[in-house]
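The values are calculated or read from the model by the stated rules, or taken from the named source; none is laboratory data. Source: prediction; values computed, not measured. We place every Cβ from the backbone using ideal geometry, glycine too, and count neighbours over all the protein chains shown.
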Ligand SMILES: *Cc1c(COP(=O)(O)O)cnc(C)c1O
């Protein structure tokens, strides 16, 4: 019995049929430019305003605090560069982040480091958790920005965002969080959580690719990243992607509808996967079991290559990932798995399965039926495994 199981929702998600339906009119008759003054333009502008209002309400933000972007990467780049360059005018050139951020954050701060900013990279503990005390200890007089991801894209661990937000606010330091993986799975209240800047992407929550947003709290000044026309109140140029933005709003609304029930269902499936996969000899769950996204499973299997595992799963119709989607194809082990203390060998033998409430019991049965024999087969062929079971040092 063969099936197709999509278990890579942290890489991207299929567009929900209701989202597609909401978008279609804006590809057909609704092609007007939202900046045009005739009615076809004004209809697009009205759709844009409505989408912005509905998204703002979900995050307890004001509509004028939501800026649409081309995705999560742009939102991260804009938040970090925009805040850093603005803060540097006041002599603040220190940025705090963590070792296991998404590359959209890490590569941005690395670029800023070359321009004279100083970066503190917080350690992540072996459970993949950030400690509030570490953030507190890293804060300085000249700290411009703290950027810590809400939930990690590889191991699903969730940071104490409200606590970090309160700490930063009390010290007058800007706080940005990459909430791309958390949005749609965790309720977010930017006011209660003292978040100044927040990045979201549509395609991780059943919306279209190429659309995202940056929440910028009123009163927070960041420099523009994209210059041009007066769109997004002069803060982010470019003719608005009305279809994409309408789809994004629909996707977020749908994601938060019945969230608790959906999370409970996903959690039950996920826990079954964790319990059963954990029975495979020398397998290790990566990331804290409790403080993690409901749909994330990440295991390392000693003595195997993650890439081979993915190919064999693919032949059986299962889409999964080893490390982050962006780094597959590169031979470097995942920086996230290294940050929680895994050896290069163990990090290479990792598997990420990211499921959601649409995953079925049968899908889980199927994964659990095919995975252990695949791991065994790969180990039989692995010289590394032979040395591991003989207890030789690697
Ligand atoms: C996917 C992802 C991004 C990038 O978002 P895009 O819309 O693909 O540019 C940023 N951060 C995290 C945590 C992600 O998972």
Taking segment 133-153 and keeping only residues that are in contact with a strand residue (DSSP E or B) (Cβ under 6 Å, 6 or more places away or on another chain), in contact (Cβ under 8 Å) with a residue 60 or more places away in the chain and either within 16 Å of the ligand (Cβ to nearest atom) or more than 23 Å from residue 112 (Cβ to Cβ) (or both), one is left with 147, 151
Only one of (1) at pLDDT 95 or above; (2) farther than 29 Å from residue 131 by Cβ; (3) touching a helix residue (DSSP H, G or I) at 6+ places or on another chain (Cβ under 9 Å) does not apply to residue 307, and that is (1)
Would segment 90-97 turn up any residue that is under 19 Å from the mean Cα position of the chain (by Cα), buried (at least 24 other Cβ atoms within 10 Å of the Cβ) and more than 14 Å from the ligand (Cβ to nearest atom)?
yes
Look through 256, 215 and report the one residue that is away from the ligand (no atom under 14 Å from the Cβ) and surrounded by fewer than 19 Cβ atoms within 10 Å (Cβ to Cβ).
256
Only one of (1) in contact (Cβ under 8 Å) with a residue 60 or more places away in the chain; (2) closer than 19 Å to residue 224 by Cβ; (3) outside any strand (DSSP E or B) fails for residue 90. Which number is that?
(1)
Tell me, yes or no, whether segment 371-389 has at least one residue that is touching a strand residue (DSSP E or B) at 6+ places or on another chain (Cβ under 7 Å) and under 17 Å from residue 321 (Cα atoms).
yes
For helices (runs of 4 or more DSSP H) lying entirely in segment 283-394, having 1 or more residues that are more than 22 Å from residue 5 (Cβ to Cβ) and within 16 Å of the ligand (Cβ to nearest atom) picks out 335-339
Yes/no for residue 42 being touching a strand residue (DSSP E or B) at 6+ places or on another chain (Cβ under 8 Å) and farther than 24 Å from residue 320 by Cα:
no
So residue 45 ticks every box in (1) part of a helix (DSSP H, G or I); (2) under 24 Å from residue 206 (Cα atoms); (3) out of contact with any helix residue (DSSP H, G or I) (no Cβ under 7 Å at 6 or more places or on another chain); (4) in contact (Cβ under 8 Å) with a residue 12 or more places away in the chain but one. Which box is left unticked?
(4)
Have a look at 171, 209, 191 and point out the one that is within 15 Å of the ligand (Cβ to nearest atom) and either surrounded by fewer than 22 Cβ atoms within 10 Å (Cβ to Cβ) or free of Cβ contacts under 8 Å to residues at least 12 places away in the same chain (or both).
209
Does any residue of segment 71-84 turn out to be surrounded by 14 or more Cβ atoms within 10 Å (Cβ to Cβ), at pLDDT 95 or above, more than 16 Å from the ligand (Cβ to nearest atom) and under 17 Å from the mean Cα position of the chain (by Cα)?
no
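Right, residue 159: out of contact with any strand residue (DSSP E or B) (no Cβ under 6 Å at 6 or more places or on another chain), buried (at least 21 other Cβ atoms within 10 Å of the Cβ) and over 14 Å from residue 196 (Cβ atoms) or not?
yes
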Considering every residue within segment 9-23, establish whether at least one is in a loop (DSSP other than H, G, I, E, B), crowded, with 23+ Cβ neighbours inside 10 Å, away from the ligand (no atom under 16 Å from the Cβ) and in contact (Cβ under 8 Å) with a residue 24 or more places away in the chain.
no
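Being closer than 30 Å to residue 125 by Cα and surrounded by fewer than 23 Cβ atoms within 10 Å (Cβ to Cβ) is true for just one of 110, 43, 101. Which residue is that?
110
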Selection count where residues are in a helix (DSSP H, G or I) and either more than 15 Å from residue 21 (Cβ to Cβ) or touching a strand residue (DSSP E or B) at 6+ places or on another chain (Cβ under 9 Å) (or both), scope segment 243-281
25
